1. Working only within the stretch 314-325, note down all residues that are over 22 Å from Leu217 (Cα atoms) and part of a strand (DSSP E or B).
2. Would you call Phe304 modelled with pLDDT of 95 or more, closer than 23 Å to Ala388 by Cβ and either in contact with a helix residue (DSSP H, G or I) (Cβ under 7 Å, 6 or more places away or on another chain) or in a helix (DSSP H, G or I) (or both)?
3. Got a sec? Which of Glu124, Glu83, Glu96 is within 20 Å of the chain's Cα centre (by Cα), more than 17 Å from Asp23 (Cα to Cα) and among the acidic types (Asp, Glu)?
4. Are any residues in the stretch 55-96 acidic (Asp, Glu) and open to solvent by 10 Å² or more (accessible area, probe 1.4 Å), and if so, which ones?
5. So if I check each of Tyr207, Tyr213, which one is surrounded by 12 or more Cβ atoms within 10 Å (Cβ to Cβ), among the aromatic types (Phe, Trp, Tyr) and part of a loop (DSSP other than H, G, I, E, B)?
6. Has the stretch 146-155 got any residue that is under 22 Å from Glu41 (Cβ atoms), in contact (Cβ under 8 Å) with a residue 60 or more places away in the chain, over 26 Å from the mean Cα position of the chain (by Cα) and surrounded by 21 or more Cβ atoms within 10 Å (Cβ to Cβ)?
7. Restricting to the stretch 326-340, what's the tally of residues that are open to solvent by 20 Å² or more (accessible area, probe 1.4 Å) and either small (Gly, Ala, Ser) or farther than 27 Å from Lys218 by Cα (or both)?
Amino acid sequence: MAAGAAGSQTGGRTVIALLVLADGAVFEGEAFGAAATTVAEVVFNTSMTGYQEIITDPSYRGQMVAMTAPHVGNTGVNPEDIESARPWLSGFIVRELSPVVSNWRASEALSGYLARHGIPGLSEIDTRALTRRLRQTGSLHGALCTDGSRSSEELLALARGWGGTEGRDLVQEVTCAAPYRWEEESDPAWIAQPDLSGFANLKGLDYPHVVAYDYGLKYNILRRLTAHGCRVTVVPAATPAAAALTLAPDGVFLSNGPGDPAGLPYAAQAVAELLHHDLPIFGICLGHQILGLAVGGETYKLKFGHHGGNQPVRDCQNGRVQITSQNHNYAVRAESLPPGAEITHLNLNDGTVEGLRLRDRPVFSVQYHPEASPGPHDADDLFARFVAAMLQRLA
């Protein structure tokens with residue numbers, strides 16, 4: 001265990017915390033993390049591991065996350081496993097917070113990390129009951145108080161008065177401020193190095209240059225692109241197509257991110273313009289939804305979204321099933337897609353669209369996360385498919 005990681009997660013004192021949902025349900029538990037009041041959409045995540053990656057995923061902007069795994073926090077927090085520079089969620093809810101940290105990689109306890117970043121936490125509640133309620137009614141607005149300053153009546157009024165995420169541009173709250181280069185690769189200790197033999201045919205040319213739109217990028221996406229041999233330049237979400245093209249990309253990547261894709265008309269417009277330039281384009285999660293909008297499709301909000309590392313997805317082209325990591329509340333409406341867009345993947349739980357491609361150009365996207373860290377790596381070959389499309393263009 002790293003120095004400074006030992007000790008109690010809660011500091012040895014019990015503070016009563018309240019979570020009140022917009023439907024009137026009240027959950028009373030113990031506080032950890034920051035002493036604060038927050039209002040957000042409440043969702044549940046079914047992952048068994050990876051709470052640090054979940055906490056730092058920008059796609060959770062505007063949401064509180066309840067973990068269905070009953071015991072959280074025993075491995076602490078370390079600087080290697082973060083998916084962005086800071087936590088983005090509004091609150092973190094667990095059944096039981098580990099009172100100690102015991103992991104050789106840990107540099108900080110979970111509670112202290114959340115407190116340092118101003119994120120309140122709630123433990124010692126029945127997360128099974130909370131999850132069942134969200135499954136039955138759909139995602140609900142909720143207000144969480146961890147400092148004792150608000151009554152349940154006040155929190156109910158806050159939850160019911162909150163504006164929600166529909167139509168709201170959360171991407172501008174998480175995207176980068178200026179373009180930058182990314183060079184770090186993923187660690188081969190946890191995932192095999194990809195086959196780069198195809199690069200031998202480049203005949204002295206630089207490796208493919210990818211312009212990655214940051215709608216709320218996770219670091220491991222960038223690590224996988226780099227590990228697959230790409231040179232990566234990250235650009236802000238509102239970058240016009242013309243500005244992206246001045247960077248001379250061999251391919252364009254559309255990232256994950258938070259909130260309602262319908263609230264990002266500028267993003268769909270930029271992608272629609274890029275589609276006229278015969279560039280390979282690869283989208284993940286929100287990037288998949290934006291591509292759907294760019295080709296004339298529609299998106300809609302799911303009842304309680306997909307959040308977890310165990311979502312089964314069927315590849316419509318070969319019938320194979322992949323277990324995938326997902327984090328989204330919106331989906332592409334299948335019947336809204338034009339004839340030139342082919343549905344390539346379907347969710348086996350609810351039949352929602354999990355992937356699409358354009359029949360006449362090297363453009364494709366998936367709703368799930370092939371870069372999952374930690375999580376299933378069944379779909380990592382999608383990065384190789386993107387690279388192959390760029391190499392064919394360079395040949």
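The values are calculated or read from the model by the stated rules, or taken from the named source; none is laboratory data. These figures come from a predicted structure and were not determined experimentally. All Cβ positions, even for glycine, are placed from backbone atoms using ideal geometry, and neighbour counts span all protein chains on display. For the accessible areas, the whole protein counts, side chains as well, though only heavy atoms, and no ligand, DNA or RNA atoms are used. Shrake-Rupley method; radii C 1.70, N 1.55, O 1.52, S 1.80 Å.
1. In the first step, residues of the stretch 314-325 are kept if they are over 22 Å from Leu217 (Cα atoms); the result is 314-322.
The answer is Arg314, Asp315, Val321, Gln322.
2. Taking the combined requirement at face value, the residue does not satisfy it.
3. On the way: Glu124 fails: within 20 Å of the chain's Cα centre (by Cα); Glu96 fails: within 20 Å of the chain's Cα centre (by Cα).
Of Glu124, Glu83, Glu96, the one residue that is within 20 Å of the chain's Cα centre (by Cα), more than 17 Å from Asp23 (Cα to Cα) and among the acidic types (Asp, Glu) is Glu83.
4. Those that are acidic (Asp, Glu) and open to solvent by 10 Å² or more (accessible area, probe 1.4 Å): Glu80, Asp81, Glu96.
5. Tyr207
6. The answer is yes; a qualifying residue exists.
7. Step one: of the stretch 326-340, the residues open to solvent by 20 Å² or more (accessible area, probe 1.4 Å) are 333-340.
If we keep only those that are either small (Gly, Ala, Ser) or farther than 27 Å from Lys218 by Cα (or both) as well, we get 334-340.
Going through the stretch 326-340 one residue at a time, the tally reaches 7.
Conditions (1) aromatic (Phe, Trp, Tyr); (2) touching a residue at least 12 places away in the same chain (Cβ under 8 Å); (3) under 25 Å from Thr165 (Cβ atoms), marked per residue:
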position: Leu286; (1), (2), (3): no, yes, yes
position: Leu291; (1), (2), (3): no, yes, yes
position: Ala294; (1), (2), (3): no, yes, yes
position: Lys303; (1), (2), (3): no, yes, yes
position: Gly308; (1), (2), (3): no, yes, yes
position: Glu335; (1), (2), (3): no, no, yes
position: Gly355; (1), (2), (3): no, yes, yes
position: Leu358; (1), (2), (3): no, yes, no
position: Pro362; (1), (2), (3): no, yes, no
